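What follows draws every value from the coordinates through simple rules; no lab data is involved. Note that the coordinates shown come from a computational prediction; the quantities given were computed from them, not determined experimentally. In this analysis, Cβ positions are derived from the backbone assuming ideal geometry, glycine residues included, and neighbour counts consider all displayed protein chains.
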Amino acid sequence: MAVRRLNHAVLYVRDVAESVTFYRAALGFEVRTEIPGWAAFLRAPGSANDHDLGLFAVPGGHRPGGQYLGLYHLAWEVGTLAELAEVRASLESLGALVGQSDHRVSKSLYAKDPNGIEFEVMWRVPADTWEREMAAGPMIGPLDLDAELARWGSQATGAAAGSVT
């Protein structure tokens, strides 16, 4: 079987309330279930999932028994470049944006939450252009979001267009 998209993610965080506030402001998540001071389950706007992000408190940042493996980043997909621009504005206002990259087949923003956990928010170019896009230049370059908006417009892709391919 092939994995098609991220269904949900679970993160260990220092402060659940602070993380809930951040993910609500940065990505518009809504709280589905919350156990104050210990855990929260959030859902992205328009998602059919029960939850897209689970947060569990680990005071001080370490679980009993010592260190644990960390997460490099998660990638959340948006349907249009206009949505990506909205997310960029939100992340900038929170001081969370740490990078922007053009991966040819995706346009990506990188940010860190209050725990220093990095995540990506990305838009996929239409799948029927991937081969041409891959041949267009270096695999990773700086993102010029305004130029990409002018090029692609409001075209919806990925799950937003009814496709996970």
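Close amide H partners of residue 9, meaning residues 5 or more places away or on another chain with modelled amide H under 5 Å apart, are 53, 54. For residue 106, the residues 5 or more places off, or on other chains, whose built amide H falls under 5 Å of its own are 125. Extension gain, residue 5 to residue 17: 0.36 nm times the residue separation minus the Cα-Cα distance gives 1.6 nm. Legend: calculated FRET efficiency, residue 130 to residue 38, from the Cβ-Cβ distance at R0 = 41 Å, rounded to 0.05, equals 0.45. Ignoring the sites themselves, the chain has its longest run without trypsin sites (Lys or Arg not before Pro) in a DSSP loop having at most 14 other Cβ atoms within 10 Å at 6-165.
Backbone phi angles across the stretch 87-94, fed through the Karplus curve with coefficients 6.51, -1.76 and 1.60 (θ = phi - 60°), yield HN-Hα couplings of 5, 4, 4, 5, 5, 4, 5, 8 Hz in residue order; Gly and Pro are listed as x. Charges were assigned to the Cβ only: +1 to each Lys and Arg, -1 to each Asp and Glu. The resulting dipole of the chain about its Cα centre is roughly 320 debye.
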